[in-house]
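Below you'll find the structure, written out as structure tokens, and then a few comments.
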Amino acid sequence: ESDASEVEGPTVPVYACQRRTALPNWNQILTDALEILAEEAEFGNSEGRSLAFARAAPVLRSIPYAVTRFEDLNSLPCFGAHSRKIVQEITEDGSSVEVQRVLHSERYRTLKVFSGIFGVGKKTADRWYQEGLRTLDDLRKKEKKLNRQQEAGLQHYTDLNSPVTRLEADKIQHVVQDAVLRFLPGAIITLTGGFQRGKQSGHDVDFLITHPTEGKEMGLLIKVVSWLSSQGLLLYHHMKQNSYKEPTQMSVQASKDRLDHFESCFSIFKLDTPNEQMESSSTAAENIRNWKALRVDLVVTPFSQYPFALLGWTGSKHFERELRRFAVHERKMILNSHALYDTKQNVMLPAHSEEDIFAHLGLDYILPTERNA
Ligand code: DCP
Ligand code: MG
């Protein structure tokens, strides 16, 4: 046994933030299967079960080879009996009975469609399912009371559920950059999220906006959004005010708070697609449509919080979750998208870059392109 582990090479660390997870994913069939089970457990409010699958899948994402035999798992962390069984089924039989059952279940399929609507979370999706609703047409027909955001989400469902390409993200970046610099020269506009990690497509486009002179960013977003709106570039938007209060002390709760407190705008952009034929099966008017609806998030951060915001918005979601878990459990520190707090010394730890934050945490620096956990 000990001889075998010696020839297996370096061991994979337990926390995703200690691993380098580059693209591509050599085990997509397996990670897809585990992620379906994680999502299904989340739909069912089984948090523990969901986390177990959600931690196993990224381990397979991090290794630069395809697992072809169940025994390959022996040297890997985070694999409980259930996840192992799924991998065994797939490597031996080509598919997993349990995953297939989930994929074909009416509940999973319905919740997947409903939670794919912008503004509809898992709870709402489940409530609608319990009420007997099954399709988007049911939502439209029943004149279900939808809020303004869900209304827009339903209206642009097809566009918003087709991947955003890197090229489209770059086009949006030009538009946003132009609008921001019009009102605040010297501002810094950064494309974050999956594109910052090197992905070629994503479900939305995420931007951080800041200015090297702290305070200059205040009042900017409303001007930018009003201008974009006046140009007919926004199909929908809602804004959130800055609600961050500099803490003298941070509690562990602050690291579990998934939402940040930055001033933000959550929007649907109208992107011109002049030379492209939009595929559509419906009306003739729709066939000559020369625009596409895209989800765009604009987040404004004071310069001193920018490194934390950048680290928080670059993702992946699992990488973020693991950074915060590592900080609390291994370092007694509390990390969120605004700050890092050392609970042993009772001090906030300032940072000028993402590198500084990794250093405070005693972690090797991981490039954005290696955070695809
Ligand atoms: N995030 C956050 N607060 C929010 C929304 C997101 O801190 N209210 C974080 C979580 C992710 C990152 O920002 O780590 C980007 O969120 P996305 O949901 O856009 O995820 P990705 O960009 O990684 O995926 P995709 O390419 O599908 O957009
Ligand atoms: Mg994104």
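Laboratory data are not the source of any read-out in this text; all were calculated from the coordinates shown. These numbers come from a predicted model, not from an experiment. Heads up, the Cβs are rebuilt from the backbone with ideal geometry, glycines too, and the neighbour counts pull from every protein chain shown.
Peptides 92-105, 42-55, ordered by how many other C-beta atoms sit within 10 Å of their residues on average, highest first, read 42-55, 92-105. Expressed in Å, the radius of gyration and Dmax of the Cα atoms of region 295-373 are 12.2, 41.
Region 173-214 has equivalent-ellipsoid semi-axes of 22, 11, 6 Å, by the square roots of 5 times the alpha carbon gyration tensor eigenvalues, sorted largest first. How much of the pair distance distribution for region 303-345 lies past 11 Å, counting alpha-carbon pairs only, in percent? Looking at region 303-345, the distances longer than 11 Å represent 62 percent of pairs. Annotation: extensible slack from residue 69 through residue 123 equals 15.7 nm (criterion: 0.36 nm per residue apart, minus Cα-Cα distance).
log₁₀ I(q)/I(0) of the chain at q = 0.08, 0.11, 0.13, 0.15 Å⁻¹, via Debye over equal Cα point scatterers, no solvent, to two decimals? Taking Cα atoms of the chain as identical point scatterers yields -0.47, -0.91, -1.24, -1.50. For region 53-68, backbone phi angles converted through the Karplus equation (6.51, -1.76, 1.60; θ = phi - 60°) give residue-by-residue couplings of 5, 5, 8, 6, 4, x, 4, 5, 5, 7, 9, x, 8, 8, 6, 10 Hz, Gly and Pro being listed as x.
A crude spin-label estimate for the pair residue 14 and residue 304, with each label 7 Å from Cα along the Cβ direction, gives 3.5 nm. For residue 192, nonlocal amide neighbours, meaning residues 5 or more places apart or on other chains whose placed amide H falls under 5 Å from its own, are 206, 207, 208.
Enclosing the Cα atoms of region 169-263 in their convex hull gives a volume equal to 137 cubic angstrom per residue. Placing dummy labels 7 Å off each Cα toward the beta-carbon, the span from residue 161 to residue 254 is 4.0 nm.
Between residue 216 and residue 144, the modelled label-to-label distance comes to 4.7 nm, taking each label 7 Å out from Cα in the direction of the beta carbon.
In region 112-270, one over the average inverse separation of all distinct C-alpha pairs is 17.9 Å, which is the Kirkwood hydrodynamic radius. Exceedance of the 27 Å cut-off in Cα-Cα distance is limited, within the set 122/240; 144/223; 123/144, to 144/223. The packing ranking of peptides 304-314, 346-356, 165-175, highest mean first, is 304-314, 165-175, 346-356, where packing means the average number of other beta carbon atoms within 10 angstrom of each residue.
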